[in-house]
């Protein structure tokens, strides 16, 4: 595998292709304007967000991670919420997801956030078999209104 | 029941007693310094957080809700993360929890956050029987690292 | 709270009362002969098992833990299976369960077992709220045939 | 399908290939020394463990089962813990897993263990659809420390 680095303003094309693949997985739609605004915040426009991009040896984007660093009530240090994680289907089986998770943990720590958390579908076996190795399942489920 | 309003700087005594009860439920400990800093942020010191306090007819604190409003990648509007919700044992059975949830939804909307989400233990039947009424369960579980 | 120590041959009366309370919780029945044989193995008659007894200040039994140390395929060191854990209802609320878990971890380590695992009903909120603090939930469920 | 029999000292090559495939599924690593020691215990070197090997018509290993027979507190007879079960991807769809489970039940009975239990990831739909046929799910989840 190539490298993982912070998302940069010039990554729009690569990031957008991965983002579209990610949204398709969730059968979700996000408007172009929102996608563009999210990219800009992730690539440097907002201190509360950061994006990571995994690149193959040829420098093409093969994975993304979108993170939010937000305050929490249990600590004076913030938490890092990993909101989106995606590896291109053609790049799977090479531990890109694991490398992204490890890079998230490191980047979050650099930003003062000792804890990273994320949500995953209870039935997403492929993702959870990785998450069970790199992270820890909790007893918590997610509600919304 | 009395009323629900935003947490104010003068609510420290009431809030602290409820916060301690909440932490005891989770068998957790948070330092005095962090508790104080969290209270100050929730009661006006940080735009990204807000607290709600439920009061009985005599004006005593009987419930709290601590919320974080943070950016999200799926929308240009933020989300509201309900991090802590607690009703004093002596005040249970009078829909204080439901009233707090409804007030959270309203306050979050006023702050531009159309979506409120929270975590609850999969096995917490008492809480979930309320959450299933006011909110919606999702298929998501929580991981951390 | 008093103390926690290894089960001894003279503890039969105390252990039996706790064991009966434990079995009643699971609506289970175990014959007298088996209960007696289990006690003898736990109190020194079988290297593969050990029992712990929690005592109050007056020296009365208020909690038990029954453990099996068995080989595992993933390591050359054995694992410790915590098969039974029980605190007398009258002694609850004083962290006896937590103290027993910590003593199990220590005793298992002394017997060469770096890992302790146990089963709990998915819906047993009271137990899990403790287990979530002292241990870690996993993604595993239990099957039998 | 060919046959299922107890693991023998001459099965090292076949067993090791299956074991590696199994560990890769769990993204786990076990040292060579431990793998070798485990094989030796499973193939006759330890009464508390037994291994089963499924062979195709040409006598090649296509599936393994690693079992631990350990004492239990609820009975004077031991229980059989099925720790590892694996069928080579190329051999799936021919009921090798089911045949292994049935052979485990029979072998455990011969060794005095009337009950066989095992753990599986809650989200492993492929495995559970088989386990629900041959065995019974319980309400138990697994914790560790």
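Taken together, the values in this text are just the output of simple stated rules run on the coordinates, not laboratory data. Source: prediction; values computed, not measured. Cβ atoms come from the backbone with ideal geometry, glycine included; neighbour counts cover every protein chain shown.
Annotations
- Cα shape, chain D, gyration tensor, a/c 1.5 rule: rounded
- The order of C:19, D:74, going from fewest to most other C-beta atoms within 10 Å of their C-beta, is D:74, C:19.
- Ordering B:79, B:43, D:139, C:129 from the fewest to the most neighbouring beta carbons within 10 Å gives D:139, C:129, B:43, B:79.
- Position residue B:132: other-copy label points at 1.8, 2.0, 2.7 nm, ordered by increasing distance, label point 7 Å along Cα→C-beta.
- Cα centroids of region A:10-39 and region D:39-115: 48 Å apart.
- Look at the stretch A:12-24: the mean tally of other chain Cβ atoms within 10 Å of its residues' Cβ atoms is 0.
- When chain B is turned onto chain A, the axis of that turn runs closest to one Cβ of chain B, and that residue with its distance in whole Å is B:70, 2.
- For region B:1-60: rounded, prolate or oblate by the Cα gyration tensor [a/c cutoff 1.5]: oblate
- Fewest-first sequence of C:92, B:126 by Cβ atoms within 10 Å of each Cβ: B:126, C:92
- Cβ-Cβ FRET estimate between residue A:29 and residue C:126, R0 fixed at 41 Å, reported to 0.05: 0.40
- Cα-Cα separations in the protein assembly as shown greater than 42 Å, expressed as whole percent: 33
- Most mobile listed residue (C:87, C:30, C:116) in chain C, GNM with C-alpha springs under 10 Å: C:30
- Relative contact order of region C:46-145, pairs being alpha-carbon contacts under 8 Å that are 6 or more residues apart, as %: 21
- Size of region C:106-145 as Cα extents on the principal axes (Å, biggest first): 32, 29, 14
- Region D:1-93: relative contact order as a whole-number percent, Cα under 8 Å and 6+ apart: 29
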